[in-house]
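Here the structure comes first, spelled out in structure tokens, and everything after it is commentary.
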Amino acid sequence: KQEVTQIPAALSVPEGENLVLNCSFTDSAIYNLQWFRQDPGKGLTSLLLIQSSQREQTSGRLNASLDKSSGRSTLYIAASQPGDSATYLCAVRPTGGTSYGKLTFGQGTILTVHP
Amino acid sequence: EPEVTQTPSHQVTQMGQEVILRCVPISNHLYFYWYRQILGQKVEFLVSFYNNEISEKSEIFDDQFSVERPDGSNFTLKIRSTKLEDSAMYFCASRVGLAGGREQFFGPGTRLTVL
């Protein structure tokens, strides 16, 4: 059974700092990995999707990497801003013919960027 | 920009009552999903739906749950007899479904409170 773990559980940084969020998964048979942002009491906003054949994806100040064989992904946020404060979730989609895209989520990292 | 919408945003019901949560997926998407998030816990997969039938479901999705796509736009989750432990945020998601993994887009959620 796939398990997804995110560390740290919470992170507080001053504005302008570069930071790294970590995600690990126990079963490397994944089709892709998706990073989401969740604001308190709100839905999930997709940030980046990395295919299993890719090593990294970039969107603006965000860069996500994937090392499938070791079961790890990182989300790098450059020059953090107070507006980046949110919970960041990673989720993996398994490979295999019976999978229709079910995502398994980590518990999230709560990020606070203070001015 | 197209988005997944969900209604209502908050539903309060008495234990044992039936509830229907409604979702309008993005119009050209083919795969539809329901997830839930109990307060303070991980987002959990409930069910996936493709080609007018359930394609995959979790252990949580027992006989009390059902899904339907009654027309070309709506996707509903019904809970027949709600329990206290059904209190959670319920998210609908959709995906294009073309070959080569595509990201899932989530709605804002319906907060279900069972009293």
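Each of A:Asn18 and B:Asn52 was given a label point 7 Å from its Cα along the Cα-to-Cβ line. The distance between the two points is 5.4 nm. Dividing the convex hull volume of the alpha-carbon atoms in the range B:26-66 by its residue count gives 89 Å³ per residue.
Remark: mean inter-chain Cβ contacts per residue of A:36-49 equal 4, using a 10 Å Cβ-Cβ cutoff to other protein chain atoms. Provide the FRET efficiency to the nearest 0.05 for the B:Asp63-B:Leu115 pair, computing r from the beta carbons and using R0 = 25 Å. So, using R0 = 25 Å, E works out to roughly 0.65.
Just how many % of Cα pairs in the protein assembly as shown lie over 23 Å apart, if you round to the nearest whole percent? Across the protein assembly as shown, Cα pairs with separations above 23 Å total 48 percent. If you take all other residues with their beta carbon under 14 Å from the beta carbon of A:Val4, and give Lys and Arg +1 and Asp and Glu -1, the sum is +3.
Comparing mean-square fluctuations of A:Leu11, A:Leu49, A:Leu75 from a GNM of chain A with C-alpha springs under 10 Å, the top value falls on A:Leu11. The tail of the calculated P(r) for chain B, taken as Cα-Cα distances beyond 17 Å, holds 51 percent of the pairs. Note on chain A: semi-axes of the ellipsoid equivalent to its C-alpha gyration tensor, largest first and rounded to whole Å, are 25, 14, 12.
Of the trypsin sites (Lys or Arg not before Pro) found in the range A:1-67, the ones in coil according to DSSP and having at most 14 other Cβ atoms within 10 Å of their Cβ are A:Lys1, A:Lys42, A:Arg55, A:Arg61.
A short reminder: the numbers here are calculations on the coordinates, not readings from a lab. If you're wondering where the values come from, they're calculated on a predicted model, not measured in any experiment. With ideal geometry, Cβ positions are generated from the backbone for all residues, glycine too; neighbour counts draw on all protein chains shown.
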